[in-house]
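The values are calculated or read from the model by the stated rules, or taken from the named source; none is laboratory data. Please read all numbers here as calculations on a predicted model, not as lab measurements. Glycine gets a Cβ as well: all are built from the backbone with ideal geometry, and neighbour counts include every protein chain shown.
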């Protein structure tokens, strides 16, 4: 059990809401700077914070993060996607950083065929919902935003950016896990 706790302390900023707030204070300015380079203003009225995406490295760590998150969140989505567990939690008190509200956190296990050594444990991405997703995607493709992947799961659309640094941003047409 000690090894699991040490991994949680080393990788996952989910041990308390305060720790997540502190992580967001350090992470979010990098997200804003990256977006500014592509003329994306995260404070536009058509862009809203949605969630942090948290990558865990095993089913044991997934279960431990789940227990910790239930202390200050409500589970709103529990599914198996791409042969791995995926859960979305709505914070009792949303994370606020630089005027942006991030109301949820998503956790997911590695895909079955994933090379664990190449995964980034901890907060892997931050997601935003945009009002006119298709127009947004077209506009920013023309600005040559590096896109890692585009997904359409039964009308739930999103794309993830691909940047060299530690910033991965997801832009969505809807809220992950639905509205609370």
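Computed values, structure above
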quantity: Those residues of region 54-78 which are over 14 Å from residue 111 (Cβ atoms) and in contact with a strand residue (DSSP E or B) (Cβ under 7 Å, 6 or more places away or on another chain), in sequence order; calculated: 54, 65, 66, 69, 72, 73, 74, 75, 76, 77, 78
quantity: Selected residue (criterion: modelled with the highest pLDDT) from residues of region 137-162 that are closer than 15 Å to residue 53 by Cβ and surrounded by 11 or more Cβ atoms within 10 Å (Cβ to Cβ); calculated: 158
quantity: Qualifying residue in region 54-61 (condition: surrounded by fewer than 19 Cβ atoms within 10 Å (Cβ to Cβ) and assigned to a loop (DSSP other than H, G, I, E, B)); calculated: yes
quantity: Region 80-95, residues that are part of a strand (DSSP E or B) and over 16 Å from residue 125 (Cα atoms); calculated: 80, 81, 84, 85, 90, 91, 92, 93, 94
quantity: Complete set of residues in region 78-95 that are within 23 Å of residue 31 (Cβ to Cβ) and surrounded by fewer than 18 Cβ atoms within 10 Å (Cβ to Cβ); calculated: 93, 94
quantity: Unmet criterion (only one of (1) out of contact with any strand residue (DSSP E or B) (no Cβ under 6 Å at 6 or more places or on another chain); (2) at pLDDT below 90; (3) part of a loop (DSSP other than H, G, I, E, B)) for residue 110; calculated: (2)
